[in-house]
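The values are calculated or read from the model by the stated rules, or taken from the named source; none is laboratory data. Here the structure is a predicted model, which is why all the values come from computation and not from measurement. Here the Cβ positions follow ideal geometry from the backbone for every residue, glycine too, while neighbour counts run over all protein chains shown.
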Amino acid sequence: MKVTIEVECTPEEARRTMGLPDLTPLHDRYLARMQEAIDGGGVSPEMVNALVKSWAPMNDAGMDFWRTMFAAGAKPTT
């Protein structure tokens with residue numbers, strides 16, 4: 001037997017239904033601080049490189065993965 005239940009709701013409604021905390025104020029603050037750092041010249045290419053390396057496995061395959069993902073995102077859609 002297969003039962004399918006489809007629920008249509010906004011992400012906010014789903015979050016409240018599952019009892020998850022509202023992290024919108026934290027997210028907004030994080031974005032504001034990142035924008036300040038970028039606008040103030042506090043972010044260098046070396047810092048971005050270090051950040052991306054911390055997200056990926058520490059090898060060439062991990063960096064190739066991110067390079068490919070960013071390249072695919074930069075291609076215009078037709």
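Going by the conditions given, is Glu13 modelled with pLDDT of 90 or more, more than 20 Å from the chain's Cα centre (by Cα), surrounded by 10 or more Cβ atoms within 10 Å (Cβ to Cβ) and not basic (Lys, Arg)? Give the derivation first.
Details: modelled with pLDDT of 90 or more: yes; more than 20 Å from the chain's Cα centre (by Cα): yes; surrounded by 10 or more Cβ atoms within 10 Å (Cβ to Cβ): yes; not basic (Lys, Arg): yes.
Against the criterion (modelled with pLDDT of 90 or more, more than 20 Å from the chain's Cα centre (by Cα), surrounded by 10 or more Cβ atoms within 10 Å (Cβ to Cβ) and not basic (Lys, Arg)), Glu13 qualifies.
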Cross-chain or 6+ apart pairs with Cβ under 8 Å, the stretch 60-74 first and surrounded by 11 or more Cβ atoms within 10 Å (Cβ to Cβ), then modelled with pLDDT under 75 and not in a helix (DSSP H, G or I): Gly62/Ala56; Met63/Ala56; Phe65/Ala56; Trp66/Ala56
Taking into account only those residues within the stretch 16-55 that are surrounded by 10 or more Cβ atoms within 10 Å (Cβ to Cβ) and of a type in the set (S, T, N, Q), which is nearest to Phe70 (Cα to Cα)? Asn49
